[in-house]
1. For Cys195, only one of the following conditions fails: (1) surrounded by fewer than 13 Cβ atoms within 10 Å (Cβ to Cβ); (2) within 26 Å of Leu158 (Cα to Cα). What is its number?
2. Are any residues in the range 371-387 open to solvent by 50 Å² or more (accessible area, probe 1.4 Å) and in a helix (DSSP H, G or I), and if so, which ones?
3. Residue by residue through the range 223-259, note down the ones that are in a loop (DSSP other than H, G, I, E, B) and either of a type in the set (Lys, Arg) or within 18 Å of Val282 (Cα to Cα) (or both).
4. Pairs under 9 Å by beta carbon, first residue on the phi < 0 side of the Ramachandran plot and assigned to a helix (DSSP H, G or I) in the range 24-41, partner of a type in the set (A, V, I, L, M, F, W, C) and open to solvent by 30 Å² or more (accessible area, probe 1.4 Å), six or more apart or different chains?
5. Of the conditions (1) open to solvent by 20 Å² or more (accessible area, probe 1.4 Å); (2) closer than 26 Å to Arg185 by Cα; (3) at pLDDT 90 or above, Ile44 satisfies every one except a single condition; which number is it?
6. Only one of Ala164, Ala151 is out of contact with any Lys or Arg (no Cβ under 7 Å at 6 or more places or on another chain) and part of a helix (DSSP H, G or I); which?
7. For the range 269-321, enumerate the residues that are more than 28 Å from the chain's Cα centre (by Cα), in a loop (DSSP other than H, G, I, E, B) and either modelled with pLDDT of 90 or more or among the aliphatic types (A, V, I, L, M) (or both).
8. Answer yes or no as to whether Gly111 is small (Gly, Ala, Ser), within 23 Å of the chain's Cα centre (by Cα) and at pLDDT below 85.
Amino acid sequence: MRPRPLPLAALHACAALAVAVSAVLTCADGLKDAPTVLAFAALIALGEALRWSGPGVRDMAPLGAAAALAYALLGDDAGDPTGHGAAQVVAVVAVASLAGNVPHIARGRGGAADHLVRRVLSVGFAALCFQPLVNRGVLADGPGYAVLLLALLVLTALCDAVVAAALAHARTGWPYGPLLRDELRAMPGIGSAVCATGAVTALAVAVVGLWALPLFCVPLLLTQVALRRYAAVRATYRQTIASLARATEIAGYTPAGHAHRVAALCQAVGRELGLTEAESTVLEYAALMHDIGQLSLLDPVPEGATCGLPPEEQRRIALLGGAVVRQTGAGAQVAAVVERQADPGADQPRAARIVRVVNAYEEKARALGPLSALEELRLGTGARYAPDVVAALARVLSGDRGGPSYPVRPWVTHG
């Protein structure tokens, strides 16, 4: 049995404890440099209020993240020492982030708690490394300062990735390694822009004062708007694929909801086997359209159960489906998975093996029931079905993953 992940409540408790201790220390020492606090707090709250997320897209609040990081790396304000420490940074960032997330919480949008935990822990790490050195006068301008700042940015980005993966692991039970790999792969994109903007903003405020805030943060605000539009395009594209998958149901070739159930279960099995986010997306699209080749049949297969057809007929339907997928613009990788889902042997791509096993399970479960269907798959491992995929499917169905059962997207139906 796989070890259960660290409970989500434990991660939330760590962040809550850090905020509570920081608030007590800040109240005891008194708030330092109130105008600077108000300026950064307002910018952080604005960035968090504009936070947006969509299907397949991470929570995006680059403006809030950059402003919080800039405050953690702030030593001077127009040449005058600010005097605040790591405790004040954590307290201010936590209060401002919570204030900016109030609209999201009021609208019932999920993910606010995890987002706040991630923000507090990553910014707290940066402040804890940087502020003591500044306040003791250890840091001085020069090449050494630039190298130290760059190293701190890299470590902060790594800390954020580790925390984000840990939160996802605790919430879903998916393997931690692939989740961390996904976070690390996302770092060179918007993550590098956030780190660069935060560092440059802190340096600019140290020289010219708070006037630098709007100058350096407006471009990131425009980037946040662009990310929201990009996420909307991706959501529309996913809905288009989901609508195409219903063509076989509308035509009476497959049962209602079959493609969506297969896609949801394929994603869970894929995560269990360590697929990355990009691989999981390809698998989802291929699973949604895995039966589209049946539209070429003159007479529908009873209940759309292709797993009982002769191997030659299964491969013919798969090849026809792949040709259709290529015409939809879903991508060559998706088409290849659809085409090769009926291929025999170990040369079959992993995504195609997953689709084959999950589709067979879904078809057999309708006639035999879940336990009998899984037992038939186990008996057919090696010759027809990949053993590792069947084992992963069994773990997902049994819930032996330290988390909930397989994920279902909002548009997935179980009719």
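1. (1)
2. Result: Leu371, Ser372, Glu375, Glu376, Arg378, Leu379, Pro387.
3. Within the range 223-259, Arg246 is the sole residue that qualifies.
4. Every condition considered, the pairs that remain are Pro35/Leu210; Thr36/Leu210; Val37/Leu31; Ala39/Leu210; Phe40/Leu210; Ala41/Val95; Ala41/Ala99.
5. Exception for Ile44: condition (1).
6. Working: Ala164 fails: out of contact with any Lys or Arg (no Cβ under 7 Å at 6 or more places or on another chain).
Selected residue: Ala151, the only one of Ala164, Ala151 that is out of contact with any Lys or Arg (no Cβ under 7 Å at 6 or more places or on another chain) and part of a helix (DSSP H, G or I).
7. Leu297, Leu298, Val301, Ala305, Leu309
8. Working: small (Gly, Ala, Ser): yes; within 23 Å of the chain's Cα centre (by Cα): yes; at pLDDT below 85: yes.
Against the criterion (small (Gly, Ala, Ser), within 23 Å of the chain's Cα centre (by Cα) and at pLDDT below 85), Gly111 qualifies.
The values are calculated or read from the model by the stated rules, or taken from the named source; none is laboratory data. No experiment lies behind these values; they were computed from the predicted model shown. So basically every Cβ, Gly included, is an ideal-geometry build from the backbone, and we count neighbours across all protein chains shown. All accessible areas refer to the heavy atoms of the entire protein, side chains included, with ligands and DNA or RNA removed. Shrake-Rupley method; radii C 1.70, N 1.55, O 1.52, S 1.80 Å.
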